[in-house]
Structures are given as C-alpha cells and as structure tokens.
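Here the structure is laid out as structure tokens; the discussion comes afterwards.
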Amino acid sequence: MNMKDDKKTMDDTSAITIRDMLRIGTWNLNIETGIYSLDKVTCEVLGIPYDCVVKRGEKSLFDKPEATEFLIKDGIIELIKTGQPFDQELEFKTKKGTVIWLHVIATRKLENDKCTAIAGIVQDITKSKQTQETFLRHNQLLKFAEHKAKLGHWNWDASSDTLICSENMTYIVGVPTDVPVPLSVLIDKVHPEDREFVRKQIAYNIKTKHYHSFNHRMVMPDGRTRIIQVSGDAILDDEGNLTNILGISQDVTSYKTIETELTKKNELLIFAEQKALLGHWELNTLTDEVFWSANLYYLFKQEENIKLEFNTYFECVHPDDQAVVTAHFAQAIEQKHFDKIIHRILLKDGTLKWIRLLGDVEVDKKGNTVKLAGTCQDISEQQLQEIKFKGLVDSAPSATIIVGNESIIQMVNKQGESLLGYSSEELVGKSIETLIPSRFDEIRTPHREKFLTNMEVTIVDLGEDFYLTHKSGREIPVEITLGPLQTDEGLIISMSVRDLTSAKIAESKILKAKEDLEILTEELTAQNNQLADFTQITSHNLRAPVSNLNSLVEIYKMMGSEEERNDLFKKFETVISHLSLTLNTLIEALSAKSHNSLERSELSFSNKLSKTKEIFSTEIERTKAVIKSDFSAVDSIRYNKIYMESIFQNLIGNALKYKSPERVPEIEITSKLENGKIILSFKDNGLGIDLEKHGHKIFGLNKVFHNHPEAKGIGLFMTKTQIEAMGGKITVTSKVNEGSTFNIHFI
Amino acid sequence: MAQPFHLCIIDDDDIYRFTIIQSAKFSKIEHKTSVFQNGEEAINFIKENQDSPDALPNLILLDIDMPIMDGFQFLETYKTIGPNLTEKIPIYMVSSSVDPEDIEKAKSCEFVVDYLSKPLKSDKLKAIIEKTIGL
C-alpha cells in the first residue's frame, strides 16, 4: 500500500497520543552512518536512556536471544535488498533481566533506487504474548490429561446429528480431527454386540433430554477390547429443546478389571465366611450404628434389610450369658481392648449356637472409643467337640489336667478336682506351677526341655519322689504321665496324675514286711549258724579231750615205772570226766534243739527268782549279794519250766561266780514289754567281759574268759541253746570291771 | 650250746601241757620248759625279757583257744615285739581246731612256722625241736 494515496484521517498530534497509549514507538536507521534514531517510547520500551546512541552491528545495551539477533540481522538485509517488509514478534531481555516481547515492523526508504534509510515502529506485546503462552500451555495440559486418562470429549449437535471430537478422542476412536463426524460412524466403532445397546441408550438420553452414563465395549485398532464409559450433559435452549450434548468418553478397562477383581475377592470372602461360619461386624459406639457382613445375617437368622443396632445382636444372646456379654462390651469400651469372648446365642426359632467374638477397638484423637470391629464365628461344632473332649477327660480313670500355652491349666477332670481339693473354676486359667512344690523347679528344667524336644508320651521321672500340692498345702505323692498334643491353638499337654498315696502305704507295708522277713531270715541264718557252730563245737570240743587221751595213752606206753603210771591215771580220770561232761552237755543241747514243741506252762518271773535265790542261798549269804527285781511291767510268761529255771540259775549263778573282788555283788532282774514282746534283763556289777575280744565266742561251749577256778564254759552255751530252741534270743552288753547285762528277748 | 633248749608252751589245757612236758622228756634232748595259761601271760614274759635273749624261749607252741588272750590275739600283739628281738623265735600253732579258717589264718602269719593238729605226738615234737636246734 502506498502511503501517499492514503487519506489523512488523523492529525500528527492525535497520532502521537494514540501511539503513546498503545505504547508504539518509532525509529529509523541511517544506512550510511549505521546509527538508529529512537523516539522516547522506543527507548522506554527497550528500557534504555533517551540520549543513548545505538549503532547497527554493535553490542546493544539490552540482551537478545540468538533467534532474535538472527531474525533482525537477516530481516534488515532482506529489507534493504528486496524491500520485503520486516514484521516480527521478537523476544528481548531488558537490562533488569525481564523478558519482553516486541512487535517490530520496518520499511525501507529508496533514494535513486538506493536504500538510504529504514523506518519502523515497535510495540510492546509482552502481556498479550504471555496470555497466549498460558493458553497454549493449558491446552497442552488438557491434551496431556486427556491422553493420560484415555479420555476424549465431544460435542453432539442435535440439528446435524454429528459430533466434533477432541484430538485425543479422534485418536482413540480413529476418526478425523476437527471435522463433524456423523453419530452413525461413531456407533460403528462400538463392539458389534454392544451397538444396539448404545443406540438405545442414546435414543433414550435424547428422548429424556437427560444424559445417563453407560458403558460399552470397543475393539481398538490394535485388536484389544476396551471398556468405554460414556457420560455427558444435555444442553437445552431457552425453549427447552435439546441442542447439544457435551460428553466425555473414557477408557475404564483397567478400573473395570480392578472392580471385577474386587468383586471376585468379595465373593471369595463371602464364601470363606460362609464356610468358616464366620462374619464380621462393626459397632459405632457413639451412634449405636451396626454393620454386619452378609454371613452374620445368616448366622443370626436375620433378614438382610433390617436396621441393625446393638440390640439386634444382644437380643439373641442367651439369657444366662447376657450379664457376661454386657460386662465384656463395657470393659472393651472402657479399656480400649476387646478380648476374645465365647458365649451362647438363642435364636428366635430356638436354635442354640456357640459363638466366638474377636475384636479391635478404634479410638479417636482424644483416645475415646469410637468403634468396635471384629469377627464373629459360629463355633458350636468346636464347642461340641470340646464338650466331648471334656467328657472324655472327665471319664479318664485317673486325675487329668490339660495344660495349654504358657503352662496355663485349661481343664481339670472330676478326679483331678477331688485329688487336689480345688474346684475346676479355681484351677482353670492358673499356672500349673501353682500345684508343683517350688523345690522341684531346678530339677524339672532339663526334663521339661527334653519333653518339649521329643514330644513323646513320658512318665515323669526326676530320679526322686514327685509331689503335687493339695489345696490344703499337704503334698501328695504322684506319678505323672505327660502326653503332648499339637493343635491349631498351640501345644496342649495332658497330665495324667496317679495318686501314689495308697501305693506309698502299700510300699511302706512291703518295706515293713521285707524288714520282718529280713529279721526272720536273720533268725533262720542264726539258727543255721547255730547248727554249723554245733557241728564245729562238737568236733572241736570232742577232739581236744580225745587228743589228750591219745597223748596220755602214748605217754603211758613210754612210762616205765608203775608209780608214774598211777599218777598218769589221775590225768586220765580228769580227761574222761571232762569228756563226759562235754558229752552230756552236748546231748542236752542236742535234745533242746530237737524239741521244737517243748511243753509250755504259765510261769512267773518273781516265782522263779525266789526259787533261784533259795538254791544259791549259801552263796548269797557268803558274798552278801544284793538281788533286786522289778517285774511290774510283766511277770508271767508261757514258757518251758526247766529252761526258765536254767536261765535264772545260769545267769544269777554266773553273776555270783564272776563277781568283782572289789565290790559287793549287786544283781538287778527286770522285765519289760517292747513292741508287745517280753524282755528279761539280768544286770550285774561283776568282772565284766571284754566284748571286743571275746564277743564272738561268749556263748560258745567251753569258752571261759576268766582264769576262774570254777569256769567250765558250759552255762552260757546251754542258756543260749535253750533260749534259741524256744525261738528267743539272748544279747549281752558288758564293760570290763563294771559289769554285764544279759537281755533275753522272748517271742 | 651254752644254754639248754628253751621250750615254751602257751595253752590253757593242763592235760595237754602235761603230755608235752612228758614228750619233751622222752626226747632226751636237754631242755627247759616254761608254760603260760594264756597269751597275755606269755606276752608279759617276753616283754620283760626282750633285752635278755638268753631268757627268751627257743621255740613256742601256741594254742588258739584260750581265755583272756587267745592265740591269734597273742600273735597280733607279738607283731610289735617280735621284730625287735635279736633272735627270731619259731612259733608253732598247735590246736584241736579243724576249722579251715583257723588253719589258713595261722599259716598266713609271718611268725608262725607251721600249724599242727592236736594231739602232738612225741616223735613229732622231737623232730620240731631238732629242726629248731639245727641238728
């Protein structure tokens, strides 16, 4: 356009004012000098002083990006050469670092076909440029979002029955961009089996002028089937006619997959709950709102659509258990901890069930209980098993204690209750240690570990007698058999307790009997020994005089004179008389031993004593012996008369014979009862016998322990033989120079 | 031999002692005899004379069964004296006991030369005396 032909519509002043308002600056470039003349507005826009000189090609006072530099340089050269007008939006940076956008327009001035100057205008377009940038960025974001969400939007036009689809949607569906697409074309893209459904849905939406969302399948260009969710808004004109529908189509395949999985899992949960006779529940403790899972309705035989509250449950609780349940829930809310509870429910139709509730407590920020949630399981079957198990334990012949985790007693049968003196309620829940005396703690440790390792039925053997403590504190001797049982709820140990009290009594009886037997054996052995001794004595006591006789005969033969021989006869007489005494004694002893059933009669000790005193009267008088007696405990006995007299005469005779030359003899005869048996004692203060030296042969035949002229060594042998023949025994205690005591034990 | 043979009899049986004394006489060996009725008397005698060897017997005939101190008790006490004596005295145990235990016990004693069963015949006694003298 040629400026000269243009009509002047505005004076210069007005033009300047408008240019100021629009912030349009003017400038020109002298080609010859290369100097830019900039007006005030241009200097302001560029942020440089008005008087500053700007020269072409020199480093300017403001920064330009490389692109701006190139565009200016190239554009000016082109303008000078060809006259092509310069019209660019350029980016600059002010001295302060602020980015500004300038619209620069320039034309050339020709003089004699030669370009002498360039004139132009410059306008600050930073603001509009920024708005444009923001818009662009938002549009990109929208596209990005659509792409990410697999979402497209569209606009259906009622009059043409065509749709304008967003870029992303055209990409998803595979239709041209920015061109109205007939609805039928889009419906053809729907999965064949869903087309009819989609048509009907759209028809319905148009008819009702309200858009109801729906889903349909669609086969993608790559062959995959996706699920598309379509939703929209119906736009009506002032008269209520449908003009447009703005809608969104979204690929919801992945959501649908998750949803399907969730549904499946939920179905599985329901199935599991049904199988486990289990349901879950929630109780809002503030509003009393209750939630039950489907299976709980079934367990409680309730209709699925009833309004639930705590009472729905509580009314089913067995009347006998209601107090416990009330207390349990109160405690859970109070202590913020829901313990396991097992109780009965009695349903309207009369069904009785055992249920177990497990739960958790939810608290708010202030720590107040707001919700209880947990599971509820029908354990009637298990409870029935447990009742059966308890019945089994109760019917066990011996006391049985069932011990569970951490040594806690879970069950005690009737026999256990009566053995230990506790009731089942007193023991269940307590540690088994309550029943075991603590002195066994240390010794039990290795046995317990061994049992837990081997897990075999074991009879507890601590190497010593084991006891349990009765409620009274008394200890009961017991034998315990441990049986391990691994269950779902952990290790259960059955302790079968055998009361050994009666066994102990029997054992002590046996021990007593054994002792008695030992005594009897001892007696029999003694009698055997006596027999052996007797044989020994016989040969020994006969051999000595016989060998003497032999020697005397030998000497007799060697002796020459008759006188000597006569003297020798005295020796023969001594030996022969000794031999005959020995033989007579032995015969007597033999006859005693061969008479097991000697005649017995009722005898009195005091009577026998006075008779003996008469016999020894001369000796007693001569020695001034004092004889004391005490038969107050027992004075009579059924015994053989001759033997009894022999006992008295031998023992009193001995006491008188072996009196101490330094003391007046004192003899004390007493009787007493020990374990129902009579003991008769003869105590003297005579010479006494060194029992260490002679103890083993004191009652032997021809044994004398003193160089006493009258000692013959027959008395004690005969006394012992007679006493033993009657089944008794004789013992002696003695101290040299103090005296002896002979005790006769009758049977 | 400067001193006559000294025979010692420890036995409580006077008939036995008499027969031994007689038998010794018949042996025609010059000797003297000392007798003790029990072990204690014999021990006392040996103790008293342990420093005068001439007074001690050359041979002891020891009985087992005696009152106060029997033959074994004598040997037990003799253990403390015997080794101190300048001349060892051979001891023969002479008893009527046939108890194998007695015989075994007697023979196991270090001072006992032999165990002899009663009666002790005169020729046997002579042989022992001769053996002791070393004839």
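Annotations
- Charged side chains reduced to their Cβ positions (Lys and Arg at +1, Asp and Glu at -1) give chain A a dipole of some 1840 debye around its Cα centre.
- Here's the list of aspartates and glutamates a cross-link from A:Lys514 could span, going by alpha-carbon distance under 18 Å and ignoring same-chain residues fewer than 8 apart: A:Glu522, A:Glu523.
- Other-chain or far-sequence residues with amide H under 5 Å of A:His318's (modelled H): A:Arg344, A:Ile345, A:Leu346
- For q = 0.14, 0.18, 0.19 Å⁻¹, Debye-computed log10 I/I(0) when each Cα of region A:194-306 counts as one equal scatterer: -0.82, -0.91, -0.95
- Overall, region A:411-490 carries a charge dipole of about 180 debye about its Cα centre when +1 sits on the Cβ of Lys and Arg and -1 on the Cβ of Asp and Glu, all other atoms neutral.
- When you filter the GluC sites (Glu not before Pro) in region A:628-704 for DSSP loop state and at most 12 other Cβ atoms inside 10 Å of their Cβ, you are left with A:Glu662.
- Mean-position separation - Cα centroids, region A:342-392 and region A:65-144, in angstrom: 83
- Only helices enter this figure: runs of n ≥ 4 DSSP H residues, each worth -39500 (n - 2.57), summed and divided by the residues of chain A, yield -14000 deg cm²/dmol at 222 nm to the nearest 500.
- Charge dipole of the protein assembly as shown about the Cα centre (unit charges at C-beta), most positive-ward option of A:Ser213, B:Ser122, B:Gln73: B:Ser122
- At most 16 other Cβ within 10 Å, DSSP loop - trypsin sites (Lys or Arg not before Pro), region A:413-488: A:Lys430, A:Lys471, A:Arg474
- Placing unit charges on each Cβ (+1 for Lys and Arg, -1 for Asp and Glu) gives region A:130-237 a dipole about its Cα centre, and among A:Val179, A:Ser160, A:Ile235 the Cα reaching farthest toward its positive end belongs to A:Ile235.
- 27 Å Cα-Cα threshold exceeded, pairs from A:Lys608/A:Lys729; A:Lys264/A:Lys366; A:Lys265/A:Lys388; A:Lys641/A:Lys693; A:Lys571/A:Lys729; A:Lys729/B:Lys107: A:Lys264/A:Lys366; A:Lys265/A:Lys388; A:Lys641/A:Lys693; A:Lys571/A:Lys729; A:Lys729/B:Lys107
- Of the trypsin sites (Lys or Arg not before Pro) in region B:28-135, the ones in a loop by DSSP (not H, G, I, E or B) with at most 13 other beta carbons within 10 Å are B:Lys28, B:Lys79, B:Lys88.
- Summarising the amide proton neighbourhood of A:Ile35: residues at separation of 5 or more, or on other chains, whose placed amide H is nearer than 5 Å comprise A:Asn30, A:Arg56.
- For region A:259-378, the orientation-averaged shadow of the C-alpha convex hull comes to 8.2 nm² (one quarter of the hull surface).
- Net dipole in debye of region A:132-251 [+1 Lys, Arg Cβ; -1 Asp, Glu Cβ; about Cα centre; nearest 20]: 500
- Rounded if a/c under 1.5, otherwise prolate or oblate - region A:280-324, Cα gyration tensor axes: oblate
- Both numbers refer to the Cα atoms of region A:304-375; Rg and Dmax are 13.3, 43 Å.
- Close amide-amide hydrogen proximity is noted between A:Ile341 and A:Leu357, each under 5 Å apart and 5 or more residues distant or on a separate chain (H modeled in the peptide plane; Pro and chain starts excluded).
- Across all Cα pairs in region B:61-126, the calculated P(r) in 10 Å bins from zero up to the longest distance comes to 20, 53, 25, 2 percent per bin.
- Span from the region A:167-212 Cα centroid across to the region A:313-341 one, whole angstrom: 59
- Working note: Debye formula, equal point scatterers on the alpha-carbon atoms of chain A, no solvent; log10 I(q)/I(0) at q = 0.08, 0.11 Å⁻¹ is -0.98, -1.23.
- Ordering A:Pro665, B:Ile21, A:Thr107 by the projection of their Cα atoms onto the charge dipole of the protein assembly as shown, which places +1 on the Cβ of Lys and Arg and -1 on the Cβ of Asp and Glu, puts B:Ile21 at the extreme positive end.
- Averaging the Cα positions of each part gives two centres, and for region A:608-677 and region B:3-50 these lie 41 Å apart.
- Taking every alpha-carbon pair under 8 Å whose residues sit at least 6 apart, chain A reaches a relative contact order of 4 percent.
- Cα-only radius of gyration and Dmax that characterise region A:434-479, units Å: 11.5, 35
Bear in mind that the values in this text are calculations on the coordinates, not laboratory data. Everything quoted here is computed from the prediction, not taken from an experiment. Backbone-built Cβ (ideal geometry, glycine too); neighbour counts: all protein chains shown.
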